[in-house]
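To start, the structure itself, in structure tokens.
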Amino acid sequence: MVAHEYAHGYAAWKQGDSTSYQLGYLSWNPVKYVDPFFTVLLPLLTYAMSGVPIGGARSGPINARNFRNYRRGDIVVSLAGVTANAIIAVLCALLVWPLYLLGAAVPVLASSIGILQVMMLLGISLNLILVLLNLLPIPPFDGSRVMKYILPPAWALEYEKLRPYGFFILVALVTLGRPVLALWLSPASTLYGAAERLLVPYVHASPLTQ
């Protein structure tokens, strides 16, 4: 999530808005992005209600009026976070093979390297889920900011009226609409399954794989 939020701030900076940069939000310090509600209370609430914890991080402030091109800047910044998560998922997948070679070359490290490889597999899964979750066309997810540009102008105006009710729609989706949410996230499971079948044969035995 830190990479996700950093990417938003960095993209905004490159599009002409330096608000997050000036306020110190272009930081890799996780504490900077802890939000009392989204990072602490919301995961506890959604877990208690549905068994599925959903949360988020504090976003750095962004002033879209500073973008050199409002429409393009808004889309670029909105998609920057999911792009970061997609890149991390790919990097995690690419690291499994070099780690396997290192463990094969230095057998005494194989068990410890196996733990790192399992972490890479988890990184693939979690980041794929974050990509799809953040593409949900429900405020305040990033997908909602892109959706308004896809819809016809009149529909987009009506769609934006849903923004104050985004949290309640999300709670309803997590509790009553879980089959719909599972269907939306199913591509992540499919992609992870393919990656797992390809990579698990090269994961060294470790306490996490026994």
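The values are calculated or read from the model by the stated rules, or taken from the named source; none is laboratory data. Quick caveat: nothing in here was measured; it's all calculated off a predicted structure. Counting neighbours? That spans all protein chains shown, and the Cβs are built from the backbone with ideal geometry, glycine included. Note: areas computed on protein heavy atoms with side chains; ligands, DNA, RNA excluded. Shrake-Rupley method; radii C 1.70, N 1.55, O 1.52, S 1.80 Å.
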Next item on the list: Principal axes first, then extents: for the Cα atoms of region 20-74, list largest minus smallest coordinate on each axis, whole Å, largest first.
Entry: 44, 26, 14
Notebook entry, point to check: Rounded to the nearest whole Å², what accessible area per residue is found for region 1-57 with the 1.4 Å probe?
Noted result: 54 Å²
Notebook entry, point to check: If each Cα of region 25-136 is one equal point scatterer, what is log10 of I(q)/I(0) from the Debye formula at q = 0.11, 0.16, 0.21 Å⁻¹?
Noted result: -0.54, -0.95, -1.18
Checklist line | Reduced Cα scattering model of region 74-195, Debye log10 I(q)/I(0), q = 0.16, 0.19, 0.22 Å⁻¹ | finding: -0.84, -1.03, -1.20
Notebook entry, point to check: Just how large is the dipole of region 68-161 about the Cα centre, in debye to the nearest 20, putting +1 at every Lys and Arg Cβ and -1 at every Asp and Glu Cβ?
Noted result: 260 debye
Next item on the list: With only Lys, Arg, Asp and Glu charged, each at its Cβ (+1 for the first two, -1 for the last two), find how big the charge dipole of the chain is about the Cα centre; round to the nearest 20 debye.
Entry: 400 debye
Note to self: Cβ neighbours within 10 Å, averaged per peptide: list 168-174, 113-119 in order, most packed at the top.
What the structure shows: 113-119, 168-174
Next item on the list: Taking the dipole about the Cα centre of the chain, with the C-beta of Lys and Arg at +1 and of Asp and Glu at -1, give me whichever of 156, 42, 112 is farthest to the positive side.
Entry: 156
Check: Once you charge only the Cβ atoms, +1 for Lys and Arg and -1 for Asp and Glu, what is the size of the charge dipole of region 12-137 about its Cα centre, to the nearest 20 debye?
Finding: 380 debye
Check: Using a 1.4 Å probe, how large is the accessible area of residue 37, given in Å² and rounded to the nearest 10?
Finding: 70 Å²
Next item on the list: Note the angle between two axes, namely the Cα long axis of helix 2-14 and the longest principal axis of the Cα atoms of the chain, as a number of degrees from 0 to 90, rounded to the nearest 10.
Entry: 50 degrees
Next item on the list: Work out Dmax and Rg for the chain from the C-alpha atoms and quote the Rg first, both in angstrom.
Entry: 19.4, 64
